[in-house]
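Taking it in order: structure first as structure tokens, then the write-up.
FYI, it's all coordinate maths here, none of it is from the lab. Note that this is a predicted model, so its numbers are computed, not measured. Every residue, glycine as well, gets a Cβ built from its backbone with ideal geometry; the counts of neighbours run over all protein chains shown.
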Amino acid sequence: MKFKGRIWKFGDNIDTDAIIPARYLSTSDPEILAAHCMEDADPGFVKKMRPGDIIVAGENFGCGSSREHAPIAIKAAGISCVIAGSFARIFYRNAFNMGLPIFESRDLQALVSDGREIEVDSDEGTIRVVNSAEEPVRIHPVPPFMQELIRAGGLMKYISKKET
Amino acid sequence: MGMTITEKILSRHAGLEEVQPGMLINARVDIALGNDITAPIAIAEFKKAGGTAVFDRDKVALIPDHFTPNKDIHSAEQCKIVRTFAREQRITHYYEVGEAGIEHALLPEQGIVLPGDLVIGADSHTCTYGALGAFATGVGSTDLAAAMLKGELWFRVPETLKIVFHGRMRKWVSGKDLILFLIGLIGVDGARYKAMEFAGEAAGKLGMADRFTIANMVIEAGAKNGIFIPDDVTKAYVQGRAKRPFSFYASDPDARYADVIEIDISGIEPQVAFPHIPSNVRGISRVGDVRIDQVLIGSCTNGRIEDLRIAAGILKGRKAAPYIRLIIVPATPEIYRMAVKEGLMEIFIDAKAAISPPSCGACLGGHMGVLAEGERAVATTNRNFVGRMGHPRSEVYLVNPAVAASSAVLGRIAGPDELEGGGKS
């Protein structure tokens, strides 16, 4: 998989209440959720981001609640992938299960600022900053089982495929 | 090679002799849980995958508890999806408003989750059932859909972090303070991907209510599950509730741990987690003058009868300070009934408390106690993230029930020792 987009930086411990506040959880409509994506971390986020953009965050991204509304909001807003130093485990699981590409890397945060464009090549395991002479940054390899889930198109397709 | 209790439960449910941390396994699920927020997405995924019947109608629990009694039309529609599915599938453990309680208090109380079980729930606080010596973990809605369809799910066997409690709890200290102290010590990702096992002579002396509170909040340290070794206290709680067989597991003496943390609990005073992260804790003596607007006593963390008794002991003959909203939420109808019978409700009404039906609403800023801009709440709940209980510029301070009740009386964050005449226990 390859992704190219502008990046938006966030800090450590971005919780799922910040990604999609519970006041919007009376629906699971992706369009409505997308309109409030990252609202309590950066109220203007949805207005300034464009489809294809990439979220770059620090440690423990997606901590807190198990709400799948969080990766749904990010995906429906048009974010192509999330790169973080580490992910909280339920968010990590949810992202693979429902098909939001996420990658672990700790080297990118210091290298880039908001609005810079990056190119992610998950097959090669690299991230390049566009128009920069810097060496590409390495992505932590995606575990083989998670790759299988991605190839199948998420958990539900994976378990249906396994049966046939 | 010896195994931990978590490894033993996982290996048994995967049909394997032995498992080791890092292994990916498929394991059988004893109970799969969803609520009115998470189940609608799971039901949609279940149907999209061609699902027509759940794997076992006795092993699925659907509890409308978050935005119930329905807070608005959208919530009513979500509850309707869950209700329709529960009727269609003849789900045994569906609890309608009036019978329903906060899921993580209700399921143990009704004997639906038991020691030795493997429980998954589309709610992060599913880890609460580890108090019974079960493996219980929060998952997303898609995982719930898969489990409802197949009765099994994939897991990565976690490493275990062993927490050993020594010493005796001081007066006004409870399980809430032990877990807040621990989260303050290791941080909100201090146990990320790991199991947390509670051991030591002081852990064995904890009652079930304190064990539930501690296991409930391991997710706030990033843990996959939290677990106590079942003992006589567990047996006394489960007897009379269980309607099916259950198993007690224990860790082997030569089990391997990622780390062992020893804590002398005698030195811990009541803890307060300041905004906006549960690890931002300090002892009650170091809080200073923090004026408040609202106090919430309830939730899956601290809405049990033991918590209400502590609050009532302090509120008896006292009133919430002027302009303070005191909201009390018994976690289940059974707890509500006990509070009425024991005369706690009269104490609460006299103290100017608003008593809510069982609901998760206020804890996550849904309804029944939402905060305005700039307001501060003291809450016995589990999260104090930005906007957790309402406006993004409101604040939540996490405490135990004794501190919450004392704070309501004084209008600022305070422990029972600051009350005139002290607290009664």
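What are the ³J(HN,Hα) couplings of the range A:50-55, residue after residue, when phi is run through the Karplus curve with 6.51, -1.76, 1.60 and θ = phi - 60°? Round to Hz, x for glycine and proline.
Once rounded to whole Hz, the list reads 10, x, x, 5, 10, 8.
For chain B, what is the mean residue ellipticity at 222 nm derived from helices alone (per DSSP H run of n ≥ 4: -39500 (n - 2.57); sum divided by total residues; nearest 500 deg cm²/dmol)?
Values: 14 runs with 127 residues, N = 425.
Only helices count here, giving -8500 deg cm²/dmol.
Just report the Cα centroid separation between the range B:240-261 and the range B:27-43, whole Å.
Each part's Cα centre sits 24 Å from the other's.
Scan around B:Val139 for amide H atoms under 5 Å from its own, H built in the peptide plane at 1.01 Å from N, and keep only partners 5 or more places away or cross-chain.
Correct list: B:Gly121, B:Ala122, B:Asp123.
For the charge dipole of chain B, defined by +1 on Lys and Arg C-beta atoms and -1 on Asp and Glu C-beta atoms about the Cα centroid, which residue among B:Ile179, B:His166, B:Gln239 has the Cα displaced farthest towards the positive pole?
Value computed over the given set: B:Gln239.
Which residues' amide hydrogens lie under 5 Å from the amide hydrogen of B:Gly390, considering only partners 5 or more residues apart or on another chain, with H built in the peptide plane?
It is B:Leu371, by chain and number.
Suppose every Lys and Arg Cβ carries +1 and every Asp and Glu Cβ carries -1, with no other charges. What dipole size does chain B come out with about its Cα centre, to the nearest 20 debye? Could the numbers behind the result be given before it?
Working: 47 positive and 49 negative charges, 123 e Å.
Computed charge dipole of chain B: roughly 600 debye.
Treat each spin label as a single point 7 Å out from the Cα along the C-beta direction, and report the A:Lys161 to B:Arg87 distance in nm.
3.8 nm
What pairs from A:Lys4/B:Lys224; B:Lys171/B:Lys316; A:Lys75/B:Lys47; A:Lys4/B:Lys194; B:Lys8/B:Lys150 go past 24 Å between their alpha carbons?
Details: A:Lys4/B:Lys224 33 Å; B:Lys171/B:Lys316 18 Å; A:Lys75/B:Lys47 21 Å; A:Lys4/B:Lys194 34 Å; B:Lys8/B:Lys150 22 Å.
Check vs 24 Å cut-off fails for A:Lys4/B:Lys224; A:Lys4/B:Lys194.
Ranked by Cβ crowding within 10 angstrom, fewest neighbours first, how are A:Asp17, A:Asp114, B:Asp65 ordered?
Fewest-to-most ranking of A:Asp17, A:Asp114, B:Asp65: A:Asp114, B:Asp65, A:Asp17.
Cβ under 10 Å from B:Lys8's Cβ, B:Lys8 left aside: what net charge do those residues give with Lys, Arg +1 and Asp, Glu -1?
Details: positive: B:Arg12; negative: B:Glu7, B:Glu18, B:Asp252.
Surrounding charge for B:Lys8 is -2.
Sort B:His125, B:His74 so the one with the fewest other Cβ atoms within 10 Å of its own Cβ comes first.
On the way: B:His125 27, B:His74 17.
Least to most surrounded, the residues fall as B:His74, B:His125.
Starting from the Cα of A:Arg138, step 7 Å along the direction of its Cβ; do the same at B:Glu96; then give the gap between the two resulting points in nm.
6.0 nm
Per residue of the range B:92-107, what does 6.51 cos²θ - 1.76 cosθ + 1.60 with θ = phi - 60° give for ³J(HN,Hα)? Whole Hz please, x for Gly and Pro, Karplus curve as stated.
Using θ = phi - 60°, the values come out as 5, 9, 9, 10, 6, 3, x, 9, 6, x, 4, 3, 7, 8, 5, 4 Hz.
Please go through the range B:113-174 and write out the chymotrypsin sites (Phe, Trp or Tyr not before Pro) that DSSP classes as loop and that have at most 14 other C-beta atoms within 10 Å. Kindly include the intermediate steps, with their values, before the conclusion.
On the way: sites: B:Tyr129, B:Phe135, B:Trp154, B:Phe155, B:Phe165, B:Trp172; in loops: B:Trp172.
Those that pass, being in a loop and sparsely packed, number zero.
Treat each spin label as a single point 7 Å out from the Cα along the C-beta direction, and report the B:Ile261 to B:Glu77 distance in nm.
About 4.3 nm, to one decimal.
Roughly how far apart, in whole Å, are the Cα centres of the range A:71-124 and the range B:68-102?
Using only Cα atoms, the two centres lie 34 Å from each other.
Could you calculate the FRET efficiency of B:Lys48 with B:Leu24 from 1/(1 + (r/R0)^6), where r is the beta carbon distance between them and R0 is 25 Å, rounded to 0.05? Walk me through the intermediate numbers first.
Numbers: r = 25 Å, r/R0 = 0.99.
Efficiency computed from Cβ-Cβ geometry: 0.50.
Could you give the dipole magnitude of the range B:274-418 about its Cα centre, charging the beta-carbon of Lys and Arg +1 and that of Asp and Glu -1, in debye to the nearest 20? Before the final figure, lay out the partial values.
Values: 17 positive and 13 negative charges, 18 e Å.
Value, rounded to 20: 80 debye.
Name the residue farthest towards the positive end of the dipole of the protein assembly as shown from the options B:Leu149, A:Met49, A:Ala70, assuming +1 on Cβ of Lys and Arg, -1 on Cβ of Asp and Glu, about the Cα centre.
Result: B:Leu149.
Whole angstrom only: what separates the Cα centroid of the range B:294-324 from the Cα centroid of the range B:110-143?
27 Å
Amide H neighbours of B:Glu375 under 5 Å, counting only residues 5+ apart in sequence or on other chains, H built in-plane at 1.01 Å?
Amide H neighbours of B:Glu375: B:Glu395.
Taking a virtual spin label 7 Å from the Cα of B:Asp231 along the C-beta vector, which residues in the range B:137-166 bring their backbone nitrogen under 18 Å of it?
B:162-166
Given contacts defined as C-alpha pairs under 8 Å and at least six residues apart, what's the relative contact order of chain A, whole-number percent?
RCO, chain A: 24 percent.
Quick one: 3J(HN,Hα) in Hz for the range B:284-294, Karplus 6.51/-1.76/1.60 with θ = phi - 60°, rounded, Gly and Pro as x.
4, 6, 10, 7, x, 9, 10, 6, 10, 10, 8
Can you pull the mean other chain C-beta count within 10 Å for peptide B:146-157? Before the final figure, lay out each step's value.
Values: counts 7, 1, 0, 4, 4, 0, 1, 3, 7, 1, 6, 0.
Across B:146-157, the average partner-chain Cβ count within 10 Å equals 3.
Which is farthest toward the positive dipole end of the protein assembly as shown among B:Ala320, B:His125, B:Tyr95, measuring Cα position about the Cα centre, with Cβ charges +1 (Lys, Arg) and -1 (Asp, Glu)?
Of B:Ala320, B:His125, B:Tyr95, it is B:Tyr95.
Rounded to the nearest 20 debye, what is the charge dipole size of the protein assembly as shown about its Cα centre when +1 sits on each Lys and Arg Cβ and -1 on each Asp and Glu Cβ? If you can, show how the numbers build up before the last one.
Details: 67 positive and 72 negative charges, 173 e Å.
It works out to roughly 840 debye.
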